[in-house]
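Before any comments, here is the structure.
FYI, it's all coordinate maths here, none of it is from the lab. Worth saying up front: this structure is predicted, and the values here are computed from it rather than measured. Heads up, the Cβs are rebuilt from the backbone with ideal geometry, glycines too, and the neighbour counts pull from every protein chain shown.
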Amino acid sequence: MTLRRRLGVAIAALLVIMALAFCGVFLTQRGYQLDQLDDRLAGLSGNTKALVALSTRAEAGTGKAGDLLTDVYVGVHRANGSLRTVLAPDTDPALVPRLLGNERDAGAVTRTTSSGSTERVRLVEAFLDGQRYAVVAVSMAGVEAQSRRLAIALLLAWMVVAAVALLTAYWIDRLGLRPIAHLTAAAEHVTATGGRAAVQVDSGNPATEAGRLGTAFNAMVATTAAGQEQLRRFVADASHELRTPLTTLRGYSSLYAQGGLATEDQVADAMGRINAEATRMSRIVDDLLDLTALGDQSALQLAPVDLATVLDDLAADLRVRNPDRAVTVRRSGRTLVLADSDRIRQALTALVANAVKYSDAGSPVEFVAEQRGGVVGVRVADRGRGIPASELPRVFDRFYRVAGAGPKGSGLGLAVVAAIISAHNGRYGVESEPGKGSVFWIELVAAPAGG
Ligand SMILES: Nc1ncnc2c1ncn2[C@@H]1O[C@H](COP(=O)(O)OP(=O)(O)O)[C@@H](O)[C@H]1O
Ligand SMILES: [Mg+2]
């Protein structure tokens, strides 16, 4: 059962229960008033002696009691039922009951009157002596007026409660249930389109649960759509990047099949190219696998790593490969961090490789490791070509390369660096000036002292 239907049923039940309760109140109250009327009738009719005395006097023409009892009718009948005399007002037709003949042993009963209108009386018959009995009747006008007033009051109260309940239901529906129905429809639409549709709902009032749900839903859909788009672009870029070496490989194999590689030298040359392209491909695949693996932080093997020592190692390697470059390492403070040693080495290697790749053969490079407060910062600085300011925000993107950057590359190196540093909850960045050089920096939380 939907929430909406449950709400409807609950309100209907509330209104029915209230109506029944009000009917109970009404009937109890009316019963109580009738009881009082009957008590009065019993008092009047029970005093047989007084009635006998009064009727004897009336028949003798010596006085009427009616002057004292203005809202009571007393008629004295013969045993055969015919009216003998009227003791109390015979002038007011609203008090003279229309007898049906079966009142004798019925106790108090309600009868219409000879007035012909809706007025009614409550009456009892009292046995006086062998020849006479009295009919005593009291007007019910007062009781009925009170009942009417009570009924109107209860009906009004019920209507007010019903109106409040319906308004509340409408309010809940507007603020809570209808937005949820919209959300459900939107979610179903998103599912139907395989998550590609970036459907946004009107989240409405953020102070309501439904409003917050709508906002969260919109954020979720936007994130999912962005993720899907990123994935799509990633797959497109990766395929594109792998296609170039594959085309080269296929070119050489079909050249060989057609007998295009005649001499030994040509074969050796082709083999060399094939090897280079295959190496490039496997490097791309390795980087892609790294990027995927680094999404999972728990795969990191954390241990104390001295970043200055890593830089020293990289500097030593670089000096061997590039004897004509001035490579300096500066360190200050305690440069120990908790990190996955292999991954950090991989990241710094990529930064150093770029510094070498994008600067002239003999230009100096500088590595710095220093402790500042709770973090250890590393800088890899070169005096190379630099990066235009407009390109800076994108150099850490996957497959992104600055246009005309020169030496071949996949554009994955810095993306892997970013992924490694992010997995360590560190920060990274770059400062660069075209023509002057670049400084790539990373920051990792310092390892706790004494550990
Ligand atoms: N030290 C640097 N100096 C100048 N440009 C750089 C430097 N490091 C990276 N870049 C630029 O950033 C781009 C992305 O770098 P990277 O992700 O390592 O890809 P790749 O080196 O494979 O091209 C490079 O193509 C290059 O244009
Ligand atoms: Mg690179």
- Task: Within 10 Å, count the other beta carbons around each residue, average over each peptide in 286-298, 114-126, and list them highest first.
- Result: 114-126, 286-298
- Which of 304, 137, 380 sits closest to the plus end of the dipole of the chain, meaning its Cα is farthest towards the positive end, when Lys and Arg get +1 and Asp and Glu get -1 on the C-beta? 137
- Normalised by the number of residues in the chain, what is the relative contact order in percent for Cα pairs under 8 Å and 6+ residues apart? 9
- With +1 on the Cβ of every Lys and Arg and -1 on the Cβ of every Asp and Glu, the dipole magnitude of segment 381-420 about its Cα centre, in debye rounded to the nearest 20, is 100
- Task: Report ³J(HN,Hα) in whole Hz for each residue of segment 293-302, in order, from the Karplus equation J = 6.51 cos²θ - 1.76 cosθ + 1.60 where θ = phi - 60°; Gly and Pro get x.
- Result: 5, 6, x, 9, 4, 5, 6, 6, 9, 7
- About the Cα centre of the chain, what is the dipole size in debye to 20, counting +1 per Lys and Arg Cβ and -1 per Asp and Glu Cβ, all else neutral? 880
- Note on the structure: Computed on Cα atoms, Rg of the chain relative to 2.2 N^0.38 Å comes out at 2.32
- Query: Quick one: length gained pulling residue 389 to residue 247 fully straight, 0.36 nm per residue minus the C-alpha distance?
  - Reply: 47.7 nm
- Item | Mean-position separation - Cα centroids, segment 268-346 and segment 66-139, in angstrom | 119
- Item | Lys/Arg +1, Asp/Glu -1 at C-beta; the chain dipole; positive extreme among 407, 93, 361 | 93
- Simple SL model, points at 7 angstrom along Cα→Cβ for residue 187 and residue 104; separation in nm is 7.9
- Note on the structure: The ³J(HN,Hα) series, computed from each phi in segment 266-277 with the Karplus coefficients 6.51, -1.76 and 1.60 at θ = phi - 60°, rounded to the nearest Hz and given as x for glycine or proline, is 4, 4, 4, 4, 4, 4, x, 5, 4, 4, 4, 5
- Of the peptides 195-205, 6-16, how do they stack up when ordered by the mean number of other Cβ atoms within 10 Å, highest first? 195-205, 6-16
- Item | DSSP beta bridge pairing in the chain, given as percent antiparallel to the nearest 5 | 90
- Residue-ordered couplings for segment 71-85, obtained by feeding phi - 60° into the Karplus form 6.51 cos²θ - 1.76 cosθ + 1.60 and rounding to whole Hz (Gly and Pro as x), are 10, 10, 10, 10, x, 10, 10, 7, 4, 7, x, 6, 6, 9, 7
- Query: Which of 349, 61, 152 sits farthest toward the positive end of the charge dipole of the chain, with +1 on the Cβ of Lys and Arg and -1 on the Cβ of Asp and Glu?
  - Reply: 61
- Message: What whole-number distance in Å separates the alpha-carbon centres of segment 24-48 and segment 156-173?
- Response: 37
- Query: At 222 nm, what helix-only mean residue ellipticity would the chain give, in deg cm²/dmol to the nearest 500, using -39500 (n - 2.57) for each DSSP H run of four or more?
  - Reply: -17500 deg cm²/dmol
- Task: Arrange the peptides 158-165, 304-311 so that the one whose residues have, on average, the most other Cβ atoms within 10 Å appears first.
- Result: 304-311, 158-165
- What is segment 3-146's relative contact order, in percent, from Cα pairs under 8 angstrom and six or more apart in sequence? 22
